[in-house]
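Notes follow once the structure below has been shown.
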């Protein structure tokens, strides 16, 4: 991606946080700047990737620069997704989590509503607390299988939060949402009740009509919902 690579480091002294923004980077671009970033005195609280390569070697190279990354956001711009000029694809959940075993928060573009489930099932141990999936008008919904979704959610360590966010409304998403909501209503408890966050898996999805959040709590393996009073 050559001369179009851009890097920006933002420091928020009030929040004592640092964000590293990388745009249009591939593995070679990371190699070029690795010495500079490895010598940085402040570790970033967040790495924000925009239109970067999504290959396994890319994330392994990024890990060498920021081995203790806790928060990672990946974004693809609309034009690149449509034109596929640089062959950009959504990153694999498994590739990212395997590269960053200490990651706590991950936000990914999701162009296929089922692939992330199979990818999560390949990651046996991780401390992830929040997985945000960004859907848009190009996301494919046709082959959604509830049992696969249920198996994936129940297999995770209690305390993880799944969020499905919609960047742009589409009729395909509305049908997907209504089907998913029907299953979630029948299977789990809905609402913002004060459950112990570290004991329950939480599923949060965007309502396509009013863009509000719907929240469901998955019980722990013993089946008991534990409230905090």
Checklist entry - From the residues in the range 68-87 that are within 22 Å of residue 137 (Cβ to Cβ) and surrounded by 19 or more Cβ atoms within 10 Å (Cβ to Cβ), which one is modelled with the lowest pLDDT? => result 76
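Tell me, please, whether a residue that is modelled with pLDDT of 80 or more and within 21 Å of the chain's Cα centre (by Cα) can be found in the range 33-45. Even if it seems obvious, please write down each step before you answer.
Restricting attention to the range 33-45, the residues satisfying the condition of being modelled with pLDDT of 80 or more are 45.
The next check asks that each one be within 21 Å of the chain's Cα centre (by Cα); those that pass are 45.
For the range 33-45, residues modelled with pLDDT of 80 or more and within 21 Å of the chain's Cα centre (by Cα): present.
So which residues in the range 123-141 are within 30 Å of residue 199 (Cβ to Cβ) and either in contact with a helix residue (DSSP H, G or I) (Cβ under 7 Å, 6 or more places away or on another chain) or assigned to a strand (DSSP E or B) (or both)?
Here is the first cut: in the range 123-141, the ones within 30 Å of residue 199 (Cβ to Cβ) are 123-135.
Scanning the range 123-141 gives 123, 126, 128, 130, 131, 132, 133, 134, 135.
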Next on the checklist: Considering only the range 115-122, I want to know if a residue exists there that is surrounded by 17 or more Cβ atoms within 10 Å (Cβ to Cβ), under 13 Å from the mean Cα position of the chain (by Cα), over 28 Å from residue 45 (Cβ atoms) and modelled with pLDDT of 85 or more.
Outcome noted: yes
Checklist entry - Do the conditions hold for residue 95, that is, is it closer than 30 Å to residue 69 by Cβ, at pLDDT 90 or above and surrounded by fewer than 18 Cβ atoms within 10 Å (Cβ to Cβ)? => result no
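Tell me, which strands (runs of 3 or more DSSP E) lie completely within the range 142-219 with 2 or more residues that are surrounded by 17 or more Cβ atoms within 10 Å (Cβ to Cβ), touching a helix residue (DSSP H, G or I) at 6+ places or on another chain (Cβ under 7 Å) and modelled with pLDDT of 90 or more? Talk me through it step by step, then tell me what you get.
Values: elements: 161-166, 201-206, 213-218.
Fully inside the range 142-219 and qualifying: 201-206, 213-218.
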Checklist entry - On the given criteria, is residue 108 assigned to a helix (DSSP H, G or I) and either more than 25 Å from residue 48 (Cβ to Cβ) or modelled with pLDDT of 90 or more (or both)? => result no
Checklist entry - Only one residue in 14, 30 is at pLDDT below 75 and not in a strand (DSSP E or B), so which one is that? => result 14
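The values are calculated or read from the model by the stated rules, or taken from the named source; none is laboratory data. Please read all numbers here as calculations on a predicted model, not as lab measurements. Here the Cβ is made from the backbone with ideal geometry for all residues, glycine too, and neighbour counts use every protein chain on show.
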